[in-house]
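Every read-out reported here was derived from the displayed coordinates using simple, explicitly stated rules and does not represent laboratory data. Treat the numbers as computed from the prediction; the structure is a model and nothing was measured. FYI the Cβ positions are ideal-geometry reconstructions off the backbone, even for glycines, and counts take in every protein chain you see.
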Amino acid sequence: MTKTVWPQQLAGTVKVDMEQWWEGSKKEVGRALYASGLSLEAHAKRLCPVRTGTLRASLHTVQLRWDLVEVRDGVIYGKWVEYGTSKMAAQPYMRPAIYSSAPERRAILAEALDGS
């Protein structure tokens, strides 16, 4: 009597296929997250108050990992403009950008998840 080994082979094939799918999905989701960050950056640049233009020019998107993207400012005073100080009223630009770009960012992520 011969021993059947196909279930193990099939399980191995499924495991390899799932790993390949997961790696491909991670790449797609990572790209979508970065595109989402760029959308947020664009909205923030439109809403950013301008005195010299340095704050607006310093806004940039950074992908730290496949699943983590940040939109940052490159100046020390960005948080003071956003939240204000005891001597200066707040001029929020990032928080309103988060809300105004939400539908666009949702659509970007939904497209990536539907396609993967």
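Structure notes:
- Distances between placed amide hydrogens fall under 5 Å for G84 paired with Q91, all partners being 5 or more residues away or on another chain.
- Candidates per chymotrypsin sites (Phe, Trp or Tyr not before Pro) in region 27-101, loop by DSSP, up to 16 other Cβ within 10 Å: W66, Y77
- Derived scalar couplings between HN and Hα for region 73-79 equal 10, x, 10, 5, 8, x, 5 Hz in order, rounded to whole Hz, by the Karplus curve 6.51 cos²θ - 1.76 cosθ + 1.60 (θ = phi - 60°), x for Gly and Pro.
- Sorting D73, D114 by the number of Cβ atoms found within 10 Å of their own Cβ, with the fewest placed first, yields D114, D73.
- Given charges at Cβ of Lys, Arg, Asp, Glu: region 6-115 dipole, positive-most of G24, P103, P92: P92
- Per-pair calculated FRET efficiency, R0 = 25 Å: L109 and Q20 via Cβ, rounded to 0.05: 0.70
- Taking amide H atoms as placed 1.01 Å from N in the peptide plane, the amide H of V69 lies under 5 Å from those of L64, each 5 or more residues away in sequence or on another chain.
- Estimated FRET transfer efficiency (R65, T85; beta-carbon r; R0 30 Å; 0.05): 0.35
- With θ taken as phi - 60° and the Karplus curve 6.51 cos²θ - 1.76 cosθ + 1.60 applied, the whole-hertz 3J(HN,Hα) list for region 96-103 is x, 5, 4, 6, 6, 8, 4, x Hz, x standing for glycine and proline.
- Reciprocal mean inverse distance between Cα atoms of region 6-115 - Kirkwood radius, Å: 16.1
- Region 23-31 - phi-based ³J(HN,Hα) in whole Hz, Karplus 6.51/-1.76/1.60, Gly and Pro as x: 5, x, 5, 4, 5, 5, 5, x, 5
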